[in-house]
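*Asks:* Before anything else, here's the structure in question.
The values are calculated or read from the model by the stated rules, or taken from the named source; none is laboratory data. Everything numeric here is computed off the predicted structure, so don't read it as measured data. Note: ideal-geometry Cβ built from the backbone for every residue, glycine included; neighbour counts use all protein chains shown.
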Amino acid sequence: MLLFFTLGLLIHFVFFASIFDIYFTSPLVHGMTPQFTPLPPPARRLVLFVADGLRADALYELDENGNSRAPFIRNIIMHEGSWGISHTRVPTESRPGHVALIAGFYEDVSAVAKGWKENPVEFDSLFNESKYTWSWGSPDILPMFAKGASGDHVYTYSYDAKREDFGAQDATKLDTWVFDNVKDFFHHARNNQSLFSKINEEKIVFFLHLLGIDTNGHAHRPSSRDYKHNIKKVDDGVKEIVSMFNHFYGNDGKTTFIFTSDHGMTDWGSHGAGHPSETLTPLVTWGAGIKYPQRVSAQQFDDAFLKEWRLENWKRLDVNQADIAPLMTSLIGVPFPLNSVGILPVDYLNNTDLFKAESMFTNAVQILEQFKVKMTQKKEVTLPFLFTPFKLLSDSKQFNILRKARSYIKHRKFDEVVSLCKELIHLALKGLSYYHTYDRFFLGVNVVIGFVGWISYASLLIIKSHSNLIKGVSKEVKVRLENVRIQMMV
Ligand SMILES: [Zn+2]
Ligand SMILES: [Zn+2]
């Protein structure tokens, strides 16, 4: 009986563990060649502001008096740059949001199994590809990208995790801490020759992680004065930092600014799920290589936001969150993060058609590389006669599309290149998911068959022991009756 019980427990444990093997597997592959566009990039440096937990509507809408809560950012939308909504995916948490933004892929579910610690899986990022990255903000976010980076070129400055309480009374202090430290850093750099030359290099990134809005949202909800006031504070801070950068670099026009958030927040102050208040985040970009505002008379969107925000006449360019990673890398001319599945939003670029076409081509090759590695891996572990390749993207098809795209570039048919590369990217992404879920059906069927087998075995065993019992009982009754009869006869 004990053996049977142990066996049953073991079988259930194996079935439970199979869930992790079938569903919680990392989609990331390794061994791709880095890809970058062979043309001079528009920017030498990039400044990324992430206002943690900032909803798109909270930034874009006007208050009851018709004034913007973030006048500086609003002015950028109208006079300097491009804007839109960045659509995030579930789970709408800080870590996956930042990974999508900076590494270009949607957080791997295998991270869940490993407890969402720093880098449960190795991945490449914009910071890793940059020459140097300096980052300021929360100790929960910054180390994630610094530890994954090869070499010592990603620098982090964060407040002590235990001292995060200094923002308990007024969470905007978490943001002013960042702004003040960035200013001090540049002040210090003027008297430090080696730092001064580093920040004058090209392909560098400055990352400002602003946690105040998220903290205020959790504590007081997004409809509160605190949350809204924090947005104003961030707007003021961004304005100061931008003017400091322009001053420091002598208005050389070689800085790109990106302002966005990792996820939004529900009306009751939470995030993690897929409600639009959590998944819609703002994206405002300006500076080197970014398109100036485009006035339009009409725009087609399924929602009524443009009217609500009174931005009907400024072209809105929506992206998926992971698309921001290739946008940033192409602006400073570093390779696209190796595991990025983002599609370069070319409409944001103020550059030649050749640059856009070449960048799209790089993007397509970079995603195709992942597809090829994934296919090879699957092929290696599958018996040759059982292997069914992804039919929509055979070797010859890949070759033909790439050759065609190259010839279009040669003949300066740039629009055709962009659409052809987009087609290739969509096929490669489909193929990636095909190989990622390749064994899922087979394993699923096996688990079901195994489970049904176990249930049948266990039921049979129970029925058998039960019928033995009945047999045993009836035998006993017979014996007793016999005894009674004998006694009566005596
Ligand atoms: Zn967050
Ligand atoms: Zn939060």
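*Asks:* Can you tell me which residue in segment 413-467 is nearest to the chain's Cα centre (by Cα), limited to those that are among the aromatic types (Phe, Trp, Tyr) and more than 26 Å from residue 339 (Cβ to Cβ)? Before the answer, list the steps.
*Replies:* Residues of segment 413-467 among the aromatic types (Phe, Trp, Tyr): 414, 434-435, 438, 441-442, 451, 454, 457.
Now narrow it down to the ones that are more than 26 Å from residue 339 (Cβ to Cβ): 414, 451, 454, 457.
Numbers: 414: 29, 451: 36, 454: 40, 457: 45 Å.
The qualifying residue nearest to the chain's Cα centre (by Cα) is 414.
*Asks:* Inspect segment 19-41 for any residue being within 16 Å of ligand 2 (Cβ to nearest atom) and either out of contact with any Asp or Glu (no Cβ under 8 Å at 6 or more places or on another chain) or farther than 30 Å from residue 358 by Cα (or both) and give the result as yes or no. Before the answer, list the steps.
*Replies:* As a first pass, look at segment 19-41 and keep what is within 16 Å of ligand 2 (Cβ to nearest atom): none.
Scanning segment 19-41 turns up no residue that is within 16 Å of ligand 2 (Cβ to nearest atom) and either out of contact with any Asp or Glu (no Cβ under 8 Å at 6 or more places or on another chain) or farther than 30 Å from residue 358 by Cα (or both).
*Asks:* Right, another one. Do the conditions hold for residue 323, that is, is it more than 16 Å from ligand 2 (Cβ to nearest atom) and at pLDDT below 95?
*Replies:* No, not satisfied.
*Asks:* Would it be correct to say that residue 102 is surrounded by 15 or more Cβ atoms within 10 Å (Cβ to Cβ), modelled with pLDDT of 85 or more and part of a helix (DSSP H, G or I)? Show your work before the answer.
*Replies:* Numbers: surrounded by 15 or more Cβ atoms within 10 Å (Cβ to Cβ): yes; modelled with pLDDT of 85 or more: yes; part of a helix (DSSP H, G or I): yes.
Yes; evaluated as a whole, the condition is true for this residue.
*Asks:* Restricting to segment 83-93, and then to whatever is within 12 Å of ligand 1 (Cβ to nearest atom) and surrounded by 24 or more Cβ atoms within 10 Å (Cβ to Cβ), can you tell me which residue is nearest to residue 294 (Cα to Cα)?
*Replies:* In this case the residue turns out to be 88.
*Asks:* Is it the case that some residue within segment 26-46 is part of a helix (DSSP H, G or I), more than 16 Å from ligand 1 (Cβ to nearest atom) and hydroxyl-bearing (Ser, Thr, Tyr)?
*Replies:* Among the residues of segment 26-46, not one is part of a helix (DSSP H, G or I), more than 16 Å from ligand 1 (Cβ to nearest atom) and hydroxyl-bearing (Ser, Thr, Tyr), which makes the answer no.
*Asks:* Condition first: at pLDDT 95 or above and either within 14 Å of ligand 2 (Cβ to nearest atom) or not assigned by TED's automatic domain parsing to the domain that holds residue 70 (or both). Can you find one or more residues in segment 224-232 that meet it?
*Replies:* yes
*Asks:* Additional query: Please state which of the following conditions residue 378 fails to meet, knowing it meets all the rest: (1) under 19 Å from residue 35 (Cα atoms); (2) in contact (Cβ under 8 Å) with a residue 40 or more places away in the chain.
*Replies:* The single condition residue 378 does not satisfy is (1).
*Asks:* What are the residues in segment 130-161 that are surrounded by fewer than 20 Cβ atoms within 10 Å (Cβ to Cβ) and polar (S, T, N, Q), if any?
*Replies:* Passing the criteria: only 150.
*Asks:* For segment 87-96, give me each residue that is under 8 Å from the mean Cα position of the chain (by Cα) and within 12 Å of residue 320 (Cβ to Cβ).
*Replies:* 88, 89 - these are the residues of segment 87-96 that are under 8 Å from the mean Cα position of the chain (by Cα) and within 12 Å of residue 320 (Cβ to Cβ).
*Asks:* For segment 204-212, does any single residue satisfy the condition of being within 16 Å of ligand 2 (Cβ to nearest atom), surrounded by fewer than 24 Cβ atoms within 10 Å (Cβ to Cβ) and of a type outside the set (A, V, I, L, M)? Walk me through how you get there before you give the answer.
*Replies:* The initial filter retains those residues of segment 204-212 that are within 16 Å of ligand 2 (Cβ to nearest atom), namely 209-212.
Now narrow it down to the ones that are surrounded by fewer than 24 Cβ atoms within 10 Å (Cβ to Cβ): none.
Checked segment 204-212: no residue is within 16 Å of ligand 2 (Cβ to nearest atom), surrounded by fewer than 24 Cβ atoms within 10 Å (Cβ to Cβ) and of a type outside the set (A, V, I, L, M).
*Asks:* Just need a number here: residues in segment 278-311 that are more than 28 Å from residue 221 (Cα to Cα) and charged (D, E, K, R).
*Replies:* Number of matching residues: 2.
*Asks:* A further question on this structure: Give the residues of segment 233-269 that are within 16 Å of ligand 2 (Cβ to nearest atom) and either part of a helix (DSSP H, G or I) or in contact (Cβ under 8 Å) with a residue 60 or more places away in the chain (or both), sorted by residue number.
*Replies:* Passing the criteria: 234, 260, 261, 262, 263, 264, 265.
*Asks:* Restricting attention to segment 330-347, report how many residues are outside any loop (DSSP other than H, G, I, E, B) and touching a helix residue (DSSP H, G or I) at 6+ places or on another chain (Cβ under 6 Å).
*Replies:* The total comes to 2.
*Asks:* While we're looking at this one, here's another question. Determine whether residue 52 is in the same structural domain as residue 103 (by TED's automatic domain parsing), within 16 Å of ligand 2 (Cβ to nearest atom) and out of contact with any Gly (no Cβ under 6 Å at 6 or more places or on another chain).
*Replies:* Working: in the same structural domain as residue 103 (by TED's automatic domain parsing): yes; within 16 Å of ligand 2 (Cβ to nearest atom): yes; out of contact with any Gly (no Cβ under 6 Å at 6 or more places or on another chain): yes.
So residue 52 fits the description; yes.
*Asks:* From the residues in segment 270-305 that are in a strand (DSSP E or B) and within 24 Å of residue 91 (Cα to Cα), which one is farthest from the chain's Cα centre (by Cα)? Give the steps one after another, and end with the answer.
*Replies:* Going residue by residue through segment 270-305, those that are in a strand (DSSP E or B) are 280-287, 290, 295.
From what is left, the residues that are within 24 Å of residue 91 (Cα to Cα) are 280-284.
Numbers: 280: 14, 281: 13, 282: 15, 283: 15, 284: 18 Å.
Looking at residues that are in a strand (DSSP E or B) and within 24 Å of residue 91 (Cα to Cα), I get 284.
*Asks:* Now for a separate question. Would you mind telling me which numbered condition in (1) in contact with a Phe, Trp or Tyr (Cβ under 7 Å, 6 or more places away or on another chain); (2) assigned by TED's automatic domain parsing to the domain that holds residue 451 residue 78 fails?
*Replies:* All conditions are met except number (2).
*Asks:* What are the pairs with Cβ atoms under 6 angstrom where one residue, in segment 41-54, is under 19 Å from residue 198 (Cα atoms) and of a type outside the set (Phe, Trp, Tyr) and the other, located anywhere, is in a strand (DSSP E or B) and more than 16 Å from ligand 1 (Cβ to nearest atom)? Sequence gap at least six, or different chains.
*Replies:* 43/256; 45/204; 45/255; 46/205; 46/256; 47/206; 47/257; 48/258
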